[in-house]
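The values are calculated or read from the model by the stated rules, or taken from the named source; none is laboratory data. As the structure is a prediction and not an experimental result, all values here were calculated from the model. Note that we place each Cβ from the backbone using ideal geometry, even for glycine, and neighbour counts take in every protein chain shown.
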Amino acid sequence: MPVNKVVEIFDNTDNLPHWQKGLESYNLVSGTKGIPGAKASIVIKQGRMVIELTETLLVNNLPAVSSALYEHKHMVNTMTNRFIATSENSTRYETEINYTKFIGFVPSMMALLMPGVFKKQVQTTIDRFKAFAEKSQQPTM
């Protein structure tokens, strides 16, 4: 799929529920969508657990790079996304997550003893995005 189409799908917040498992809401709370400094409130439900995050857009220069800060009561991280055209109709999606702070005993121990849990969760989300993007490009009958 062409890089501009992949970015269009990725950057459309209406698409988030299709690939962000458990997303209950994504609401802009300050600033202007797509402009660095914009803040959004994100609520994700996983089973009985509800995760509330604040997203602050740091950089938005898609397809080259988009970066955001995510703050939760138990951790802080940054996520950087890049979309690279590998051919006219093919795109590579790269993401990098840096966990900068763990708050509390349990999150700190999980990060120390089971770092693969976080990587697996991110990979699952990337795989869901890929499947959704590919599905959205299929002709409808």
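Some observations on this one:
- Odd one out for residue 29, checked against (1) touching a Ser or Thr at 6+ places or on another chain (Cβ under 7 Å); (2) exposed (fewer than 13 other Cβ atoms within 10 Å of the Cβ); (3) at pLDDT below 95: (3)
- For region 6-22, filtering for residues that are touching a Leu at 6+ places or on another chain (Cβ under 7 Å) and loosely packed, with under 15 Cβ neighbours inside 10 Å leaves 1.
- Subset tally (residues that are touching a residue at least 60 places away in the same chain (Cβ under 8 Å) and either in contact with a strand residue (DSSP E or B) (Cβ under 9 Å, 6 or more places away or on another chain) or among the acidic types (Asp, Glu) (or both)) for region 1-54: 9
- Region 16-39: number of residues that are basic (Lys, Arg) and part of a loop (DSSP other than H, G, I, E, B): 2
- Checking the stated criteria, residue 76 turns out to be surrounded by 15 or more Cβ atoms within 10 Å (Cβ to Cβ), farther than 21 Å from residue 136 by Cα, of a type in the set (A, V, I, L, M, F, W, C) and modelled with pLDDT under 95.
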